[in-house]
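The structure appears right after this line, and notes come after that.
The values are calculated or read from the model by the stated rules, or taken from the named source; none is laboratory data. This one's a predicted model, so the numbers in the text were calculated from it and none came from an experiment. For neighbour counting, all protein chains shown are included, and Cβ atoms are generated from backbone atoms with ideal geometry for every residue, glycine included.
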Amino acid sequence: MHIIKPIQSQQIKFIMRTDGVPPNFKIIDESQNKDITSDVQTATGGYADGITTFNMTFKADKLPVEGRFYTFTGYNASTGETLYKGRLFCTAQTDFDKYTVNQNVYTEEDSFNNEFILL
């Protein structure tokens, strides 16, 4: 899963199934089941050392929505072959190592009392 922000310019990096083919892409908003690919104003990609870097700029009035999941699919336009499929999650938080999707839903036990009583 890739983390994106509710801002205009985004960059994601991924490894495609087939090397060197510049992918076309499709982005689906999972909460509305809506194709938002047309909300991307510009998209450019680069390929180096097996990693594809994909830069996209959303239209100013069509930014990704905080807290939503998106499906990102890269495909070969001439063959229709899926080259990459992943998820995007939009959040404005920057402390990623302490952030989870279910934040404040689950309380972690921190007593660490693992004593056993043997009878």
On the given criteria, is Ser31 assigned to a loop (DSSP other than H, G, I, E, B) and over 11 Å from Tyr84 (Cα atoms)? yes
Would you confirm whether any residue within region 41-53 is in contact with a strand residue (DSSP E or B) (Cβ under 9 Å, 6 or more places away or on another chain), within 20 Å of Phe14 (Cβ to Cβ) and in contact (Cβ under 8 Å) with a residue 40 or more places away in the chain? yes
Which of the numbered conditions does Lys34 fail, given that it passes all the others? Conditions: (1) in contact (Cβ under 8 Å) with a residue 24 or more places away in the chain; (2) over 13 Å from Cys90 (Cβ atoms). (1)
Scanning region 61-119 residue by residue, the ones that are of a type in the set (A, V, I, L, M), more than 30 Å from Asp19 (Cβ to Cβ) and either surrounded by 10 or more Cβ atoms within 10 Å (Cβ to Cβ) or modelled with pLDDT of 85 or more (or both) total 4
Which listed residue, of Thr42, Thr52, is over 15 Å from the mean Cα position of the chain (by Cα) and modelled with pLDDT under 90: Thr42
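Name every residue in region 15-28 that is in a loop (DSSP other than H, G, I, E, B) and in contact (Cβ under 8 Å) with a residue 60 or more places away in the chain, in order of residue number.
Within region 15-28, Ile15, Met16, Arg17, Thr18, Val21, Pro23 meet the criteria.
Taking region 1-14, which residues are assigned to a loop (DSSP other than H, G, I, E, B) and over 13 Å from the mean Cα position of the chain (by Cα)?
Within region 1-14, the subset assigned to a loop (DSSP other than H, G, I, E, B) is 1, 5-8.
Within region 1-14, Ile7, Gln8 qualify.
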For region 34-63, give me the residue count where each residue is part of a loop (DSSP other than H, G, I, E, B) and out of contact with any helix residue (DSSP H, G or I) (no Cβ under 7 Å at 6 or more places or on another chain). 6
Can you pull out the residues in region 64-87 that are among the small types (Gly, Ala, Ser), within 15 Å of the chain's Cα centre (by Cα) and not in a strand (DSSP E or B)? Gly67
Return the residue satisfying two criteria in turn: it lies in region 15-31 and is farther than 15 Å from Phe89 by Cα and of a type in the set (A, V, I, L, M, F, W, C), and of such residues it is surrounded by the fewest Cβ atoms within 10 Å (Cβ to Cβ). Ile15
